[in-house]
Amino acid sequence: GVTINIDSNWLDVGRGTVAPPSPTLCGGVNVNLTAFPRLARGASGAAVKAAQCLLQLKGLYKGPMSGVYDGATIAAVRAYRQRLGKPVRDALPAGLWTALLSEGRAPLMKFGAGSHAVRRLQRALNAADRAGLRVNGVFEARTTEAVKTYQRGHGLPATGVVTEQVWRLLQAGTP
């Protein structure tokens, strides 16, 4: 004796792609910037803190997260450049940011993916191409367009799919 009304115009499609929570790094330093400027001696601010944090995670920076591009930060940058086989210099340009931010696993990724690797990709594209992506770990339309732009800029087919070739360029520090 129970009546059930079913709305035939309603469909639950779920929450969509949800990335895992972003880990807290270096006591809360924000590395999810939308732009990564060239850094040199005397620079200061959030981008320097992000660089110090990322270099600390690589075991190269031992100092405090001061946000000042000082001697200890320069020594860590020089060590990272040497590790990559790049000319040893004091500055942290777009190419070095790109390598630093993209380092790690290189999974095949495309629209709809959600992961920490997508965050690394978004950060690296922000450094390489000034893509201005919101770093949320979800491979959305803007991320797809940024990947296509990067691919076109390097003579690759503009598929929007992140392949081993794309990762290899990013991890080599190719802006």
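A few points about this structure:
- So GLY45, is it small (Gly, Ala, Ser), under 19 Å from the mean Cα position of the chain (by Cα) and on the phi > 0 side of the Ramachandran plot: yes
- One residue alone among SER115, SER102 is surrounded by fewer than 23 Cβ atoms within 10 Å (Cβ to Cβ), within 21 Å of SER22 (Cα to Cα) and under 12 Å from the mean Cα position of the chain (by Cα), and that residue is SER115.
- Subset of the range 46-95 [part of a helix (DSSP H, G or I), closer than 18 Å to VAL29 by Cα, in contact (Cβ under 8 Å) with a residue 24 or more places away in the chain and open to solvent by 10 Å² or more (accessible area, probe 1.4 Å)]: LEU54, GLN56, LEU57
- Per-region count, the range 114-138, residues touching a Pro at 6+ places or on another chain (Cβ under 8 Å) and modelled with pLDDT of 95 or more: 7
- Screening LEU33 with (1) part of a loop (DSSP other than H, G, I, E, B); (2) open to solvent by 50 Å² or more (accessible area, probe 1.4 Å) gives one miss only, at (2).
- Top-ranked residue in the range 143-175 [being open to solvent by 10 Å² or more (accessible area, probe 1.4 Å) and among the β-branched types (Val, Ile, Thr); ranked as nearest to ARG81 (Cα to Cα)]: THR174
- Only residues that are open to solvent by 10 Å² or more (accessible area, probe 1.4 Å), out of contact with any Phe, Trp or Tyr (no Cβ under 6 Å at 6 or more places or on another chain) and part of a helix (DSSP H, G or I) were counted in the range 118-142, giving 6.
The values are calculated or read from the model by the stated rules, or taken from the named source; none is laboratory data. Note that the structure is a prediction, hence the values are computed from the model and not measured. Every residue, glycine among them, receives a Cβ derived from its backbone with ideal geometry; neighbour counts consider all protein chains shown. Ligands, DNA and RNA are stripped out before the accessible areas are found, and what is left, the full protein with its side chains, is counted by its heavy atoms. Shrake-Rupley method; radii C 1.70, N 1.55, O 1.52, S 1.80 Å.
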